[in-house]
1. Sort out for me the Cα centre separation of the range 20-36 from the range 239-313, rounded to whole Å.
2. Between 206, 377, 334, find the one with the highest GNM mean-square fluctuation for the chain; connect C-alpha pairs within less than 10 Å.
3. Tell me whether the chain comes out rounded, prolate or oblate; compute the Cα gyration tensor, take square roots of the eigenvalues as a ≥ b ≥ c, and use a/c under 1.5 as the rounded threshold.
4. Taking the number of other C-beta atoms within 10 Å as the exposure measure, put 388, 352 in order starting with the fewest.
5. Rank 168, 14, 178 by mean-square fluctuation in a GNM of the chain with C-alpha springs under 10 angstrom and give only the top-ranked residue.
6. Which of 113, 95, 145 sits closest to the plus end of the dipole of the range 92-146, meaning its Cα is farthest towards the positive end, when Lys and Arg get +1 and Asp and Glu get -1 on the C-beta?
7. Which of 83, 245, 289 sits closest to the plus end of the dipole of the range 8-409, meaning its Cα is farthest towards the positive end, when Lys and Arg get +1 and Asp and Glu get -1 on the C-beta?
8. List the DSSP H helices in the chain whose Cα atoms stretch 15 Å or more along the helix axis and whose mean Kyte-Doolittle hydropathy is at least 0.0.
Amino acid sequence: MNENRVSVKVLIAILSAGMLSFLGILDEIATTVTFPALMRDFAVTTDQVQWVNTLVLLVIATIVPISSQISLRIPTKKIFQIGVSFFIVGLLVDVFTPRFDLLLVGRALQGIGTGIGLLLMYNIILNKVPKKKLGLMMGVGTMITACAVAFGPVVGGIIADILNWRWIFIFSVLLIIISLFTGSYSIEQINALKTVRFKYSQWLILAASLVFLMIGFTNIAKNNFLTFKVLGLLLLGLICLVIWVKISSSSSDPLINPQLFKNLHFSLQLISYCFAKISTLALGFLFPMYVQVVNHGSSTLAGWVTFPGAVINALLAAWAGRILDKRGARLPILTGVSVSLLSLFLMISFSKDLSNIEIAILYAVYYGGYGMSFSSLMTSGLTSLEKKDHAQGNAIFNTLQQFSGALGTA
């Protein structure tokens, strides 16, 4: 392989796997603006309708940690096809369901496919892309998901105003079928297969910890901190996490090796990555509501107000990757964080009421800085590990990304 070139087949493979995560995130964000219609059609409350997306985050967070084990036992192309199959079945359930509980089942199946696609895309990049292009392609991977964030509110708003919410999933069916054909052609094996014993106990304890912690943090917004729904679940999550660390530390071949966290460079980049995700999800949740509730705008307007920032984020993520390849990770990370901080200080210093134009500008500045730093943090953190640990490091980053998203929204 030419060390300065990414083959067309590898690029198609990245985009095909990325389509799973793209559509998963697009459907999640687009569905958010159709919550009032879902509440009306299924006669459910606000608390109930939020599970349409919260459940997806929980499923992804529990699927991601087992990705490294799955990749050792199942061929890469088959993993992709399994992920697409789960996603398509989930979409069909969503399109035709007459009941809310079945809608949740469909969304859970989509979550399985999204989790598989998210990990697979980055694993293909880490294993198939030449080192001199790694930063750029990691930025492209981030750009794929960022585009979903950009188009999600707009697509959801337009569909809510013109069609009905089921069309979100209908369009997704058409796109994922195309991805199935392109991925089946382009995706190649990325690692040697071997027989490994599945770590059921480690996975179940870690999954329980993540679920308890995510639900606990999500409940903070609506419940007293000292109740079981918040503090009780958080304590259960921490207890499970401690048990997982003890079991994994004593295992000769752990599901995810806790020793990776002793790598200071990896851990510090991971912490920064999580805080960036927390603040960004918080703003992404807050501003569309602000446009509709405080400024009395429509759901479509709320989507368009955040659209410029999401587009800039997507473009700068790829550009930051190119800078990383040439100058290292420090420049795009520090520049991006500084720009985002400047935007936050401007938000604080403005008058108590922000106009829609002010929100669009400040959010674009903030999100541009985020785009510069986010993928660079992940690239820098993963490349500090040995190549044999990349799959586990990738799982750690993407698991905590889901957890940080739930925390930021809460």
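Read-outs: derived from the displayed coordinates by stated rules, not from any lab. It should be emphasised that the depicted structure is a prediction, and the values quoted were computed from it without experimental measurement. Virtual Cβ from ideal backbone geometry, glycine too; neighbours counted across all protein chains shown.
1. 17 Å
2. In the Gaussian network model the winner is 334.
3. rounded
4. 352, 388
5. For the chain, modelled as a Gaussian network with Cα springs under 10 Å, the answer is 178.
6. Towards the positive end, the residue furthest out is 145.
7. Value computed over the given set: 245.
8. 8-32, 51-63, 76-96, 100-128, 134-162, 166-186, 200-219, 233-249, 264-293, 299-327, 330-349, 356-383
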